[in-house]
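Inspection log for the structure reproduced underneath, given as structure tokens.
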Amino acid sequence: MFKGKKYKDSVKLIEKAKLYDPTEAIDLVCQTSKAKFDETIEIHLRLGVDSRHADQQVRGAVVLPNGTGKTVRTLVFAKGDKADAAREAGADYVGDMDLVEKIQKENWFEFDVVIATPDMMGTIGRLGRVLGPKGLMPNPKAGTVTMDVARAVTEAKAGKIEYRLDKTNIIHCPIGKASFGPEKLMENFNTLVGAVIKAKPAAAKGQYIKSCVIASTMGPGIRVNGSKLG
């Protein structure tokens with residue numbers, strides 16, 4: 001795979017075998033974000049659990065103190081007063097069966113977060129096959145199946161992100177934009193890692209955080225000392 005000059009210059013700043021302290025890694029990731037656009041900074045956590053077992057799942061949501069730097073489009077499935085509350089909170093799209101049909105018939109996905117009241121889950125259950133693979137299906141653990149739709153919309157807009165294990169026991173999450181600078185990125189990093197540590201399953205044995213890598217959209221990965229994280 002071809003790597004450009006900027007990428008190669010960034011690689012020179014990083015000691016490949018070194019495990020960096022979190023603050024050093026955040027500083028470096030800002031230095032290596034050299035693209036012409038505002039790169040997203042992502043964290044990749046490999047955990048010492050087995051996602052194939054129900055009692056070792058790690059999933060939840062957390063509001064990053066400085067947001068993600070991304071404009072979040074919210075879709076809310078609700079009726080009556082709850083639909084009105086969602087609109088007042090700033091939801092981009094609010095509806096019920098009409099939106100289900102729009103997604104099914106028009107392959108419409110102009111949204112980033114889906115929120116639903118519990119009574120709507122039976123209706124949108126038929127969308128599981130299309131929303132599930134995209135990570136968009138509402139879930140109580142993520143706070144996206146709730147009667148308090150107004151709060152859910154507000155939190156999503158403020159920078160609430162969902163974290164969950166993939167099949168290789170890794171969590172991939174954005175923690176902001178390169179333009180945030182080291183201080184704000186560090187606050188977001190600590191908030192996310194703290195939430196993941198708090199969500200440690202009782203069945204998890206041995207070292208919980210096996211490895212941690214931070215990278216910008218176009219930049220190289222920077223390895224973080226997992227033992228400094230808990």
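Among the residues of the stretch 82-110 satisfying the criterion of being open to solvent by 80 Å² or more (accessible area, probe 1.4 Å) and charged (D, E, K, R), which is nearest to G69 (Cα to Cα)?
So, considering only residues that are open to solvent by 80 Å² or more (accessible area, probe 1.4 Å) and charged (D, E, K, R), the one nearest to G69 (Cα to Cα) is E110.
Could you grab me the full set of residues in the stretch 12-53 that are at pLDDT 90 or above, assigned to a loop (DSSP other than H, G, I, E, B) and touching a Gly at 6+ places or on another chain (Cβ under 8 Å)?
L19, D38, E39, G48
Quick one: in the stretch 169-178, of everything that is β-branched (V, I, T) and open to solvent by less than 30 Å² (accessible area, probe 1.4 Å), which residue is farthest from A54 (Cα to Cα)?
I175
Is it true that some residue in the stretch 94-107 is in contact with an Asp or Glu (Cβ under 9 Å, 6 or more places away or on another chain) and free of Cβ contacts under 8 Å to residues at least 24 places away in the same chain?
Within the stretch 94-107, one or more residues are in contact with an Asp or Glu (Cβ under 9 Å, 6 or more places away or on another chain) and free of Cβ contacts under 8 Å to residues at least 24 places away in the same chain.
Would you confirm, using the coordinates I've provided, whether K70 is in contact with an Asp or Glu (Cβ under 7 Å, 6 or more places away or on another chain), more than 30 Å from A204 (Cα to Cα) and open to solvent by 80 Å² or more (accessible area, probe 1.4 Å)?
When the stated conditions are applied, K70 does not pass them.
I'm trying to understand the selection: among the residues of the stretch 111-168, which are open to solvent by less than 30 Å² (accessible area, probe 1.4 Å), within 29 Å of A204 (Cβ to Cβ) and of a type in the set (G, A, S)?
G128, A142, G143, A152, A156, G159
The values are calculated or read from the model by the stated rules, or taken from the named source; none is laboratory data. These figures come from a predicted structure and were not determined experimentally. Virtual Cβ from ideal backbone geometry, glycine too; neighbours counted across all protein chains shown. Side chains included, ligands, DNA and RNA excluded: accessible areas come from the protein's heavy atoms. Shrake-Rupley method; radii C 1.70, N 1.55, O 1.52, S 1.80 Å.
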